[in-house]
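A short write-up of the structure that comes next.
Nothing in this text is a laboratory measurement; each read-out follows from the coordinates by a stated rule. If you're wondering where the values come from, they're calculated on a predicted model, not measured in any experiment. All Cβ positions, glycine included, derive from the backbone under ideal geometry; neighbour counts span all protein chains shown.
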Amino acid sequence: MSGDARDIMFFRLSPSDYDQSTRLIADHFMRRNPLCRAIGQMDLESYGEQFLVDIKKCLASGVSVGARDRASQTLAGICLNFSPDLDEAHDMSNSDSDMCVVYRVMAMLSAGTRVFQELKVHRVLDLFTLCVHQDYDGRGLGSKLIEKSVEAGVEEGYQVASVHATNSITAKICTRHGFRIVSSLDLTTVADQMGIDTDLIPGDTEVKMLIKELDSENSKPDPQSS
Ligand SMILES: CC(C)(COP(=O)(O)OP(=O)(O)OC[C@H]1O[C@@H](n2cnc3c(N)ncnc32)[C@H](O)[C@@H]1OP(=O)(O)O)[C@@H](O)C(=O)NCCC(=O)NCCS
């Protein structure tokens with residue numbers, strides 16, 4: 001198996017990548033994401049139908065990014081992105097009826113901020129699901145997928161990229177890429193209410209919403225680095 005950055009090709013995902021993407025999520029996201037582990041939500045079924053609908057939405061958006069091993073053709077990582085309906089997202093933050101716990105946590109994070117209204121932006125790119133195949137961990141793929149997603153967002157005219165980081169590694173990656181924290185939630189404060197076993201979370205128990213404004217000079221690729 002190869003895995004150095006030069007052996008990996010990055011590409012825009014499409015609806016035809018649905019089966020491989022869901023398999024990657026089932027095998028390498030659900031079982032390893034700290035929040036999924038802490039609530040025992042470790043298979044696609046426990047997320048419910050909405051998650052599958054959202055994956056399809058991301059693949060149809062044209063701004064989701066995949067990483068493929070050139071030699072083995074393994075799908076080594078994905079960053080599934082889409083443009084949320086901001087009114088709908090706001091409505092969702094007011095209800096917790098049928099949503100699974102991960103969605104409820106994300107809604108609580110969004111409810112803690114009115115940043116999009118304050119920035120007066122309407123084209124927001126949500127970096128919805130970041131996942132790297134376990135065999136490719138720690139080789140910079142997660143970081144590269146965030147970078148490529150931001151580039152795709154800039155190319156497509158999005159004003160802001162946002163991420164709900166349920167893994168402190170993602171928060172670290174995004175901070176390095178110029179994201180700033182706009183909302184955070186310490187899971188220990190809602191553990192009983194949500195049925196979250198925070199002892200299963202290694203390290204930081206805070207989940208964070210981060211954003212990056214894309215229409216500033218800072219977001220443009222550095223011509224020196226290409
Ligand atoms: C989070 C995830 C996408 C990171 O992917 P990755 O390709 O390993 O990330 P990178 O190689 O770009 O690493 C970024 C940084 O995190 C560090 N890192 C990676 N895996 C780590 C781990 N298991 N523990 C601690 N640090 C880790 C890297 O060392 C690197 O830091 P450094 O530059 O200071 O060395 C991957 O671990 C994953 O898919 N996890 C399960 C699903 C999940 O939780 N997704 C995120 C939801 S918000």
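Using alpha-carbon positions, what is the distance between the centroids of the range 184-202 and the range 1-68, in Å? For the range 184-202 versus the range 1-68, the Cα centre distance is 24 Å. When only the Cβ of Lys, Arg, Asp and Glu is charged (+1, +1, -1, -1), the dipole of the range 5-215 relative to its Cα centre reaches about 780 debye. So for the chain, taking the charge dipole from beta-carbon charges (+1 Lys/Arg, -1 Asp/Glu), which of GLN50, TYR158, VAL102 sits furthest toward the positive end? Working it through, the farthest residue towards the positive pole turns out to be TYR158. Evaluated over the chain, the count of Lys pairs having alpha-carbon atoms less than 27 Å apart is 29 (only pairs 8 or more residues apart or interchain). Exposure proxy ranking for THR189, THR166, THR205, THR198, based on other Cβ atoms within 10 angstrom of each Cβ and starting from the fewest, stands as THR189, THR198, THR205, THR166. Under a GNM of the chain (C-alpha, springs under 10 Å), which listed residue has the highest mean-square fluctuation: ASP27, ASP137, ASP87? The residue with the greatest mean-square fluctuation here is ASP87.
Shape analysis of the range 98-208 places it in the oblate category; the axes a ≥ b ≥ c from the Cα gyration tensor give an a/c of at least 1.5, with a/b not above b/c.
In this simple spin-label model, placing a label point 7 Å from the Cα along the Cα-to-Cβ direction at both LEU52 and ASP192 gives a separation of 3.7 nm.
Here ASP43 and ALA111 are evaluated by their C-beta separation; at R0 = 30 Å the FRET efficiency comes out at 0.65.
Taking amide H atoms as placed 1.01 Å from N in the peptide plane, the amide H of GLU206 lies under 5 Å from those of LEU187, each 5 or more residues away in sequence or on another chain. Taking all Cα pairs closer than 8 Å and separated by 6 or more residues, the relative contact order of the chain comes to 22 percent.
Listed from fewest to most Cβ neighbours within 10 Å, the set TYR158, TYR136, TYR18 follows the order TYR18, TYR136, TYR158.
Measuring between their Cα centroids, the range 109-134 and the range 138-176 lie 11 Å from each other.
Scanning the chain for long hydrophobic helices, with DSSP H runs required to stretch 20 angstrom or more by C-alpha along their axis and to average at least 0.0 on the Kyte-Doolittle scale, returns 141-155.
Here's the picture: charge each Lys and Arg Cβ at +1 and each Asp and Glu Cβ at -1 in the chain, and of PRO34, SER184, SER16 the one pushed furthest to the positive end of that dipole is SER16. Of LYS144, LYS172, the sequence from fewest to most neighbouring Cβ atoms within 10 angstrom is LYS172, LYS144. Projecting the Cα atoms of PHE116, GLY140, GLY195 onto the dipole axis of the range 5-215, where Lys and Arg carry +1 and Asp and Glu carry -1 at the beta carbon, places GLY140 farthest toward the positive end.
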